[in-house]
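Asker: Below is a structure I'd like to ask you about.
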Amino acid sequence: MVEIIAGNKGKGKTKVLISKANDSALLTNGSVVFLDKNNKHMYELSNQIRMINVPEFHIDNFDMFCGFLYGIASQDHDLELMFLDSFLTIAHLENSEIQKAMDFLVEYSEKQDINLVISLSMNASDLPEDVQSYVTVSL
């Protein structure tokens, strides 16, 4: 399953994402991972959540990001939930590539049996029609 938290920059998407991650860490039996563009929110996350600062891994494009996600899944067979903050930034995507990215994420989620929650710095109404169905929170 893939969920999107959408809204323009500064609307509070990260706070919602962190809250969901912390709540999920208490309720799930498996592992929870939080990917972000920096360590700024590390101390706001439960110590049960694995925080990954994506830029430390020198990812330059979306294909490398896809391989990175498969690498995370391959080393943690109990991985149940993955939170991706600042998705467009950490995945090196332009707004026009969102449909391609969502197609990959839906397939990845199904094949790996990992639920994904993503924050996107865009209004839900500006997303492609097929992608809007994944929006669970619009700010």
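The values are calculated or read from the model by the stated rules, or taken from the named source; none is laboratory data. Owing to the predicted nature of the structure, the values given are computational and were not obtained by experimental measurement. Counting neighbours? That spans all protein chains shown, and the Cβs are built from the backbone with ideal geometry, glycine included. Note: accessible area is taken over every heavy atom of the protein model, side chains too, but ligands, DNA and RNA are not part of it. Shrake-Rupley method; radii C 1.70, N 1.55, O 1.52, S 1.80 Å.
Asker: Expressed as a whole number of Å, what is the distance separating the alpha-carbon centroids of the stretch 9-59 and the stretch 106-126?
Answerer: What the calculation gives is 15 Å, centre to centre.
Asker: What residue among H41, H77, H58 shows peak mean-square fluctuation when the chain is described by a Gaussian network model with Cα springs under 10 Å?
Answerer: With Cα springs under 10 Å in the chain, the top fluctuation among H41, H77, H58 is at H58.
Asker: Right, another one. Set the Förster radius R0 to 22 Å, insert the Cβ-Cβ distance between N38 and Q75 as r into 1/(1 + (r/R0)^6), and round the FRET efficiency to 0.05. Can you show the working numbers first?
Answerer: On the way: r = 22 Å, r/R0 = 1.02.
My answer for the efficiency is 0.45.
Asker: Listed here are the pairs K37/K100; K15/K40; K13/K40; which of them are more than 18 Å apart at the Cα?
Answerer: Violating the 18 Å limit, Cα to Cα: K37/K100.
Asker: On to the next question. Can you tell me the accessible area per residue over the chain, all protein chains present, probe 1.4 angstrom, in square angstrom?
Answerer: 53
Asker: Within 11 Å, Cβ to Cβ, of S31, how many net charges do the neighbouring residues add up to if Lys/Arg are +1 and Asp/Glu are -1?
Answerer: Within the 11 Å Cβ shell, the charges total -2.
Asker: In whole percent, how big is the carbon plus sulfur part of the accessible area of the chain, probe 1.4 Å, protein atoms only?
Answerer: Looking at the chain in its full context, I get 46 percent from C and S.
Asker: Further question on the same structure: Quick one: compute the contact order of the stretch 1-117, relative version, from alpha carbon pairs under 8 angstrom and 6+ residues apart, as a percent. Working shown, then result.
Answerer: Values: 143 pairs, mean separation 40.1, N = 117.
For the stretch 1-117, the relative contact order is 34 percent.
Asker: Additional query: To the nearest 20 debye, what charge dipole does the stretch 1-47 have about its Cα centre, counting +1 at the Cβ of each Lys and Arg and -1 at the Cβ of each Asp and Glu?
Answerer: Rounded to the nearest 20 debye, it is 280 debye.
Asker: So, one more: With a sphere of radius 13 Å drawn around the Cβ of P55, what net charge do the other residues whose Cβ falls strictly inside it have (Lys, Arg +1; Asp, Glu -1)? Walk me through the numbers on the way to the answer.
Answerer: Numbers: positive: K37, K40; negative: D36, E56, D60, D85.
In short, -2.
Asker: Right, here's the next one. Could you work out [θ]222 nm for the chain from helices alone, using -39500 (n - 2.57) per DSSP H run of at least four and dividing by all its residues? Round to the nearest 500 deg cm²/dmol.
Answerer: The helix contribution divided over the chain gives -11000 deg cm²/dmol.
Asker: State which helices in the chain qualify, where a helix is a whole DSSP H run, it must extend 18 Å or more along its own axis by its Cα atoms, and its mean Kyte-Doolittle hydropathy must be at least -0.5.
Answerer: Span-like helices, by this rule, are 13-27, 62-75.
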